[in-house]
Amino acid sequence: AMAMVPGSVEILLGEDNENIQNKSIVCELFGGDAMMACMLVLCPMVAFYVSTWEQYYTGKLILPPFNGPTEGLLLGATLSIVSFLYGSMFWQSTSLVDAAIAKLSPQLGQESFIAGLDGCVRNMDLIVVASVVGLVQEVTLKAVFVTRTYGLQALRTLVPNALLSISTMAIVRMDPSILLRIPRTMLHLTSGLFVEQVTQLMLDHMVEENFEVRRRFVMIPQVGIAVMMMMEGMHISTQALDTFFLVYTTGLWVYLTFKVRLQVYEICDVLGIYCFDIVTPKSKTDMNANEILGTTIPARRSASSESKKVK
């Protein structure tokens, strides 16, 4: 899904930047095109996190009939192919709904509610509505199932992802043009925060440790800037805001690179395997004889070995 995010935002907003507030019934319902773009980005992230959250408690990864690894990727590829053939402005038109109304109008009459939707529902609206409805259904079913078994305290593990979604929507709500000014920066920031959360949740599940909600320190700048933008009388210049998100995103991905590298090293060291070859055992020459396996603590040498080294 993340491979489709940049193209999806361009599809949603269209080639003409003035269309960011092009109104339709669905657009007015969700609060503008920028908010719809934000929802299109967040929906697959939230769905993936909730599925991982369910596996963290139940030990089982249960995918719905319509899921991201199969139908989601197929839908994303279809969006890109249609955009390539007909242009990104195809999603700003109302051709799909208008064609359906034209076929149904003779049966329902010109005064029906469906006939009144002629020219009011864009093609992009269908994609966003389908994504949001599917997400709400999936989150509700999984939340009810997990809380019935493990109690309401299980919901605290959803707090980091909820903060990510709410703060991102708040930022886009207060500054709708930000996805047009720095689209790549915002997408990399959102995806980086999501990766930090979901990979830590996966790791804690594998090593049977508790997921520490309070240790999601990388979320503090995002939540802080969102609160500042919503405060009355607080004015942040566009240049300062763009610079902040650029520095924040760069630092986040540097941190993630070191974190993942360290965790992969520790796992391979403890298991005595190579990263991309778990069949071939590590040779003794590749292991540091001066450190205890799985740690960076120097091993204590015996007196005889020390005397031999001196000789």
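The values are calculated or read from the model by the stated rules, or taken from the named source; none is laboratory data. Quick caveat, the model's predicted, so the values are computed rather than measured. Positions of Cβ are generated from backbone atoms using ideal geometry, with glycine treated the same way; all protein chains shown enter the neighbour counts. Ligands, DNA and RNA are excluded from the accessible area calculation, which covers all protein heavy atoms including side chains. Shrake-Rupley method; radii C 1.70, N 1.55, O 1.52, S 1.80 Å.
Can you give the accessible area per residue of segment 113-227, in Å², using a 1.4 Å probe?
Solvent-accessible surface per residue comes out at 49 Å².
HN-Hα J couplings of segment 246-261 from phi, Karplus 6.51/-1.76/1.60, θ = phi - 60°, integer Hz, Gly and Pro as x?
5, 5, 4, 5, 4, x, 4, 6, 5, 4, 5, 4, 5, 5, 5, 4
Could you check the spin-label model distance between THR78 and PHE145? Points 7 Å from the Cα along Cα→Cβ, value in nm.
With each label point 7 Å from Cα toward Cβ, the separation is 2.4 nm.
Label 7 Å along Cα→Cβ of GLU71; segment 44-60 residues with amide nitrogen under 14 Å?
None, by backbone N distance to the label point.
If each of LYS103 and VAL207 carries a label point 7 Å out from its Cα toward its Cβ, how far apart are those two points in nm?
5.5
Out of LEU256, LEU241, GLY224, whose Cα points farthest toward the positive end of the dipole of segment 188-281 (charges: +1 Lys, Arg; -1 Asp, Glu; placed on Cβ)?
LEU241
Applying 1/(1 + (r/R0)^6) with R0 = 45 Å to the Cβ-Cβ distance of TYR265 and HIS235, what FRET efficiency is obtained, to the nearest 0.05?
E(calc), rounded to 0.05, equals 0.50.
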